[in-house]
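The values are calculated or read from the model by the stated rules, or taken from the named source; none is laboratory data. Computed from a predicted model, the values in this text were never measured in an experiment. Glycine also receives a Cβ, built like all others from the backbone with ideal geometry; neighbour counts cover every protein chain displayed.
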Amino acid sequence: MIFHAGTGKKEGGVVTQGGRVLAVTGVGRDLYEARDRAYQAVATVDFEGKQYRRDIGQKAFDLLESGPVR
C-alpha cells in the first residue's frame, strides 16, 4: 500500500510538491516478508530526487534477534 501526501495532479499524473510525500506499507506473514514487500513497492516508485529509508523495521528486527525481553 502506498499512501501519499504533499502531492498534486499535473498533466494527468501525480507530482510531488516537496517534503515527505509517500508512506509505503508492506503486509506479510511476518515482519521479514512485510519489509520485503515494502521495499518491492518502493522500487516501483521513481521520481527526481527520490530518497527513502533503508532501515524499515530495524528496531523490531533488533529486538527479535536479541531474544525474549525480560
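Checking each residue in the range 1-42 for being exposed (fewer than 10 other Cβ atoms within 10 Å of the Cβ), within 30 Å of Leu64 (Cβ to Cβ) and not charged (D, E, K, R) picks out Phe3, Val27.
Looking at the range 17-32, can you tell me whether even one residue there is within 16 Å of Met1 (Cβ to Cβ), outside any helix (DSSP H, G or I), modelled with pLDDT under 85 and in contact with a helix residue (DSSP H, G or I) (Cβ under 7 Å, 6 or more places away or on another chain)? No, the range 17-32 contains no residue that is within 16 Å of Met1 (Cβ to Cβ), outside any helix (DSSP H, G or I), modelled with pLDDT under 85 and in contact with a helix residue (DSSP H, G or I) (Cβ under 7 Å, 6 or more places away or on another chain).
Within the range 36-56, none of the residues are over 29 Å from Val14 (Cβ atoms) and outside any loop (DSSP other than H, G, I, E, B).
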